[in-house]
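Notes follow once the structure below has been shown.
Each reported figure results from applying straightforward, stated rules to the coordinates on display, with no laboratory input. Computed from a predicted structure; not experimentally measured. Here the Cβ positions follow ideal geometry from the backbone for every residue, glycine too, while neighbour counts run over all protein chains shown.
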Amino acid sequence: MGRKFEVRKVSMAKTAGAKTKVYSKYGKEIYVVAKNGGADPQANLSLRRLIEKAKKDQVPSHVIDKAIDKAVGGAGEDYVPARYEGFGPGGCMVIVDCLTDNNNRTITDVRNCFTKTASKLGVEGTVGHMFDHQAVFAFAGDDEDAVLEILMEADVDVTEVECEDGVITVYAPHTEFNNTRTALTDHNPDIQFDAEEITFIPQTEADVSGDDVETFDKFMDMLEDCDDVQHVYHNAVVNRD
């Protein structure tokens, strides 16, 4: 298939305000996952995965513990997921995932991000069918055939295994996340993942260049500043030359 996955690591926040936003997003998501699936990470695999990801992104333990305690207490907001789709600067396709306790506020905030950057907010399904919902793992290695064999022996439904520049990337259906991770860690308990996530992989790419680059950056910054926005997926390939 030849899809190339760019490992996007969360950069160190440069200001206290930026850090607070990262912590808030994780706190909200941990609260929802713990409330819906239970507060024990050993029994709630989604919670365990989210906690591990939060720690990698340097979210303090007290933020994680507070979100879990809030879920156990049963008090707090009643967040529900909301997904918005559309076309961003340069014609790129965009999926915006939110957690909200006020749908009117959230749709207004997201719509403003689209409107103020000459982008177009569509209805559900506008671009979603052009993305694959995948579990993605990236780690150091150079033998994709050996990795594929390990996963097949573990009966993991693998979509694709790639090797590029000393990095192996494994794609699998999002429902195979835990099975894939277990197979890889059982074979090599010391494995270090550069990426381990469930994400949306675009089936095509859109070149964003010229004046659209500045607008695209503004668009992404505006979405990042929305309190209810948790994740943004797109197919943009930004050409800054």
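Quick notes on this one:
- Computed packing ranks the peptides 216-223, 89-96, 167-174, 122-129 as 89-96, 167-174, 216-223, 122-129, most packed first, by mean other Cβ atoms within 10 Å.
- Charge dipole of the chain about the Cα centre (unit charges at C-beta), most positive-ward option of 68, 232, 161: 68
- Fraction of the pair-distance distribution of the chain above 32 Å, Cα-Cα pairs, percent: 25
- Residue 61/residue 108 FRET efficiency (R0 41 Å; Cβ-Cβ; nearest 0.05): 0.75
- Karplus 3J(HN,Hα) series, Hz, for the range 211-219 with 6.51 cos²θ - 1.76 cosθ + 1.60 (x for Gly, Pro): 5, 5, 5, 4, 5, 4, 4, 5, 4
- Basic side chains Lys and Arg get +1 at the Cβ, acidic Asp and Glu get -1 at the Cβ, and with that the dipole of the range 115-172 about its Cα centre reaches some 840 debye.
- Computed over the range 99-183, the P(r) curve from all C-alpha pair distances, binned at 10 Å from the origin, holds 15, 31, 19, 22, 13, 0 percent per bin.
- Its convex hull of Cα atoms gives the range 174-227 a direction-averaged projected area, equal to a quarter of the hull surface, of 6.3 nm².
- Peptide packing: for 188-198, 225-235, 146-156, the average count of neighbouring Cβ atoms within 10 Å per residue gives the ranking 225-235, 146-156, 188-198, highest mean first.
- By DSSP, the beta bridges lying fully in the range 136-241 are antiparallel in about 80 percent of cases.
- Taking every alpha-carbon pair under 8 Å whose residues sit at least 6 apart, the chain reaches a relative contact order of 22 percent.
- Relative contact order of the range 35-145, pairs being alpha-carbon contacts under 8 Å that are 6 or more residues apart, as %: 20
- Here the simple spin-label model places points 7 Å from the Cα toward Cβ, and for residue 80 and residue 101 these points are separated by 1.5 nm.
- Inter-label distance, residue 190 to residue 42: 2.7 nm, where each label sits 7 Å from its Cα along the C-beta direction.
- Measuring against 18 Å, Cα to Cα, the residue pairs 25/120; 25/55; 28/53 contain 25/120 as the ones spanning a longer distance.
- Sequence-separation-based contact order of the range 126-241, relative, with Cα cut under 8 Å and 6+ spacing, percent: 30
- Only Lys, Arg, Asp and Glu carry charge here, each on its Cβ (+1 for the first two, -1 for the last two); on that basis the chain has a dipole of about 1360 debye about its Cα centre.
- Residue 130 paired with residue 154, simple spin-label distance in nm, labels 7 Å along Cα-to-beta-carbon: 3.4
- Taking the charge dipole of the chain about its Cα centre, with +1 at Lys and Arg Cβ atoms and -1 at Asp and Glu Cβ atoms, the residue from 30, 89, 151 reaching farthest to the positive side is 30.
- Segment residue 218..residue 165, full-extension length gain: 15.9 nm, with 0.36 nm per residue of separation and the alpha-carbon distance subtracted.
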